[in-house]
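The values are calculated or read from the model by the stated rules, or taken from the named source; none is laboratory data. As the structure is a prediction and not an experimental result, all values here were calculated from the model. Counting neighbours? That spans all protein chains shown, and the Cβs are built from the backbone with ideal geometry, glycine included. When the accessible area is computed, the model is the full protein with side chains, heavy atoms only, and any ligands, DNA or RNA have been set aside. Shrake-Rupley method; radii C 1.70, N 1.55, O 1.52, S 1.80 Å.
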Number of protein chains: 2
Amino acid sequence: MTHQPSPDAVVVGGGVIGLGIAWRAALAGMAVTVVDEAPGRGASWAAAGMLAPVTEVHYGERPLLSLNLAAAARWPAFAAEVEEASGLPVGYRPGGTLAVARDADDNAALEDLYQFQLRCGLEVERLRSRECRQLEPGLAPSIRGGILAAGDHQVDNRALVEALLVACQRAGVRMVRARVAELAVEAGRVTGVLLASGGPVPSRADGELLAGGGPVPSRADGETLAAGVVVLAAGCWSGGLRGLAAEALPPVRPVKGQLLYLRGRADQPLCSRNVRGLEVYVVPRTDGRVVVGATIEEQGFDTTVTAGAVADLLRAALELLPDVAELELAETVVGLRPGSPDNAPMLGPAGPDGLVVATGHYRNGILLTPVTADAIAELLVTGRVPEMIAPFAPGRFTGGVPTAPGRRVS
Amino acid sequence: MTHQPSPDAVVVGGGVIGLGIAWRAALAGMAVTVVDEAPGRGASWAAAGMLAPVTEVHYGERPLLSLNLAAAARWPAFAAEVEEASGLPVGYRPGGTLAVARDADDNAALEDLYQFQLRCGLEVERLRSRECRQLEPGLAPSIRGGILAAGDHQVDNRALVEALLVACQRAGVRMVRARVAELAVEAGRVTGVLLASGGPVPSRADGELLAGGGPVPSRADGETLAAGVVVLAAGCWSGGLRGLAAEALPPVRPVKGQLLYLRGRADQPLCSRNVRGLEVYVVPRTDGRVVVGATIEEQGFDTTVTAGAVADLLRAALELLPDVAELELAETVVGLRPGSPDNAPMLGPAGPDGLVVATGHYRNGILLTPVTADAIAELLVTGRVPEMIAPFAPGRFTGGVPTAPGRRVS
């Protein structure tokens, strides 16, 4: 390992964001190394894979909406490219999302959302109760109305992880299964990463960088991995790395999400598109699996599956789709989303030279993977910040001068 | 294996009933072999270990109530004996059961139960809402009243399994990890069992005997295990054995029960005794675990954990004890109870000579382990049916002459 030439870039974090960046940068000719103890087993693994910029729209997040819409538009081609590159399916599936109201209060809230969606120029259709049930016969008779976002889609996030891993491997990305303990900094410039030595993994609660879980592999032995640029894409663990002052790191925090994986028969689908209420979403896979999510909890790095959350998710899903009762409860999952102060990602050069950040994707990590991968790879190759991610400069929370498009990284 | 002398008794089924019988018979000097693919991992493993003859009383089951009360009275000494013999704790814990009512309807039902319990001479105390919450401060404020059965107790069913396995081993019981395919019958007499040869385990839905799950170990290789007497203690799989006509086997059926294992902090107990509503029971262990059970479902040999059952159990538990929400959902479990036509066990000689049955314990398997073990071991040693189990002769459903106490088995 010490005899290998330094890579052009080290990507810290092997979730879909890190893998996507590494893959695109390698395709562009860079030598890239990804460091992660358990690639793809963090928030990427716990996601539902709903690609729903339209039904996920929230008030006051218009710049993010634009990015999300661009990401959604990029998805069909990106899915095809990943499948082509890996030879593996990623379960990309159009079909739309149907957001439904359980009662009059829900329906009033849906109407507000609908009007906001219209003002944003989104393609949505307001449906009556009967029209909802015509689309999804499994809906509870009590459903009062809904909004169809026909352009929403989904991808199988776990299949995406596996496909990106293979795509990276085929593109020559080197994978180091280790934990990064510290950024190597020389004369104010990030020059690489220091890998953690073996031994028990410290508790995540200490804020230290721990990309993924599992035992520390033996090859991570306290050595330094030098690199021309370090890309910090370690999700909610991106803010706790040693070697730099905390203010130089992205202000990311873990936002706990609990999800359920249910399983039914592929030939008796629960529903044929994403179905969501105000408190829950239900994402059906073609193989009979159904993902029900997700809680939003500020619990630090806690990853406990709680009885209360499972009860809430099941109740909410059963209210929308009573046949959920017959499905197998196959798995309960906890993911720690990388939350950011304004719910938008932090993308681009940050702090000292030699450091690029790609985290803070919060609930939109899977959706934003294609545009993040493309834009950060472009930044790494050209040294210039692409227009599309300029509003999401990591420095925007520190009161410093925002990073202008075109600023050179290294 | 083929060079070993034939055991005096082969016990088919290594749940708590089979292990208890084998242990007591071995202590009495018999050579005993237990055959099970996965000892103790069936209904015994999925149980809650509530020893509650008083709160579990149902109308019209007075003979069973007597047996249950005798079993409960035997439990403290039995627990001590198992612990002494194995050197392992079984988690026996007095403390009582508090049955509570969520609303006026529940309270009316509780009052009926209370009056019936009084008529049965049981020791119960009727409590008001405030008195219930004084005993269990974690109860929901909406609880309307309750019944305290101070004599109820509990045991850790999984600890009991482990302790009985060690007790059996120390007493010289031989354990064969294999599946019994067939009873060996010669001239109308059961002479042993035929072990299944290796290979994939057939589906349980075909009604074949499958005590426990897991892969078939290699030592089960189609051989015959001869025995002076065969004890059929394979729970709900006891009725599907080949070699005898179905009518000669006990009319036992699987009654599916789904349970949840929750986990909290040992120093912040959810409650200090068994708490039950009309739809759910909550059994706290001293180590912070909490068992919530159980559904009662006629689903054949299906062992799927369903979203609907988990939702129902959690909702019912949360209605009684709101702090359940904070506990970890550690495990979902399915057990197949051995149901009998009258909810009472089938205990004693059955069908041809050389066959003894001990199954059909339904929801009372853990509770009835001591009396079943004692009585069947006595039967094996003396050849006579003990008084206590005479009302539970396996032949009582076939219209034949009931087995009288004193009838010789072999």
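Observations on the structure shown:
- Whole-Hz couplings from phi, Karplus 6.51/-1.76/1.60, listed for segment B:268-276; x for Gly and Pro: 10, x, 5, 7, 10, 8, 4, 10, 9
- As a rough guide to protection, the peptides B:354-367, B:240-253, B:88-101 ranked by mean Cβ packing within 10 Å, highest first, stand as B:354-367, B:88-101, B:240-253.
- Where A:PHE78, A:PHE397 fall by accessible area, highest first, once all protein chains stay in place (1.4 Å): A:PHE397, A:PHE78
- Ligands, DNA and RNA left out, the 1.4 Å accessible surface of segment A:36-128 is 54% carbon and sulfur atoms.
- Peptide A:326-332 - average C-beta neighbours from other chains (10 Å radius): 5
- Rg ratio for chain A: its Cα radius of gyration over 2.2 N^0.38 Å, N being its residue count, equals 0.97.
- For the segment B:157-166, counting C-beta atoms of other chains within 10 Å of every residue's C-beta and taking the mean gives 0.
- The simple Förster model, with R0 at 60 Å and r as the Cβ-Cβ distance, assigns A:ASN107 and B:ALA77 a FRET efficiency of 0.40.
- Since only B:ALA163, B:GLY188, B:VAL282 are under comparison, the one whose Cα sits farthest along the positive direction of the charge dipole of chain B, derived from C-beta charges on Lys, Arg, Asp and Glu, is B:GLY188.
- Taking Cβ atoms as reference points and 10 Å as the exclusive limit, the residues near B:ALA316 contribute a net charge of 0, counting Lys and Arg as +1 and Asp and Glu as -1.
- Just checking the listed ones, A:GLY121, A:GLY222, A:GLY257: in the Gaussian network model of chain A with Cα springs under 10 Å, the one fluctuating most is A:GLY121.
- Computed label-point distance, nm, for sites B:PHE397 and A:THR286 using a 7 Å Cα→Cβ extension: 4.7 nm
- Mean separation of Cα pairs under 8 Å and 6 or more residues apart, divided by the residue count, gives chain B a relative contact order of 22 percent.
- Accessible surface, chain B, averaged per residue in Å² (probe 1.4 Å): 37 Å²
- Shortest-first distances to equivalent copies, position B:SER6, nm, label 7 Å out along Cβ: 8.1
- Modelled label positions at B:ALA187 and B:ASP342, each set 7 Å beyond Cα in the direction of Cβ, lie 3.5 nm from each other.
- Simple Cβ-charge dipole of chain A, Lys/Arg +1 and Asp/Glu -1, about Cα centre, in debye nearest 20: 440 debye
- Separation between Cα centres of segment B:325-355 and segment B:7-57, rounded to whole Å: 11 Å
- Cα-centred dipole magnitude for the protein assembly as shown, charges only on beta-carbon of K, R (+1) and D, E (-1), debye, nearest 20: 500 debye
- Neighbours of B:ASP156 by Cβ distance under 13 Å: Lys/Arg scored +1, Asp/Glu scored -1, total +1.
- Take the accessible area of A alone and of B alone, subtract that of the pair with a 1.4 Å probe, and the total buried over both chains is about 1100 Å².
- For segment B:147-159, the Karplus equation 6.51 cos²θ - 1.76 cosθ + 1.60, evaluated at θ = phi - 60°, returns couplings of 10, 9, 10, 5, x, 5, 8, 8, 9, 7, 4, 6, 5 Hz by residue, with Gly and Pro reported as x.
- Each residue, B:ALA70 and A:THR303, gets one label point 7 Å from its Cα in the Cβ direction; the gap between the two is 5.3 nm.
- For the protein assembly as shown, the C-alpha radius of gyration sits at 1.12 times the compact-globule guess of 2.2 N^0.38 Å, with N the residue count.
- Once C-alpha pairs closer than 8 Å and six or more residues apart are averaged by separation and normalised to the residue number of segment B:92-199, the relative contact order reads 28 percent.
- Of the beta bridges in the protein assembly as shown, as assigned by DSSP with both residues counted there, near 70 percent are antiparallel.
- Residues whose amide H comes within less than 5 Å of that of B:ALA181, counting only those at least five positions distant or on another chain, are B:LEU194, B:LEU195, B:ALA196 (H built at 1.01 Å from N in the peptide plane).
- Working note: 222 nm ellipticity from helices only, DSSP H runs with n ≥ 4, each -39,500 (n - 2.57), summed and divided by the residues of chain B, gives -8000 deg cm²/dmol to the nearest 500.
- 5 angstrom amide H check on A:GLU331, placed H, neighbours 5+ away: A:TYR261
- Between copies, B:ASN343 shows label-point distances of 5.3 nm, shortest first, with the point placed 7 angstrom from Cα along Cα to C-beta.
- In segment B:266-310, the residues whose accessible area drops by at least 20 square angstrom when the other protein chains are added to the isolated chain are B:THR304, B:VAL305, B:THR306, B:ALA307, B:GLY308, B:VAL310; the probe is 1.4 Å and only protein heavy atoms count.
- Across the copies of the chain, A:VAL381 has label points (7 Å from Cα along Cα→Cβ) spaced 8.4 nm apart, shortest distance listed first.
- Length gained when the stretch A:ASP267-A:ALA246 is fully extended (0.36 nm per residue, less Cα-Cα span): 2.4 nm
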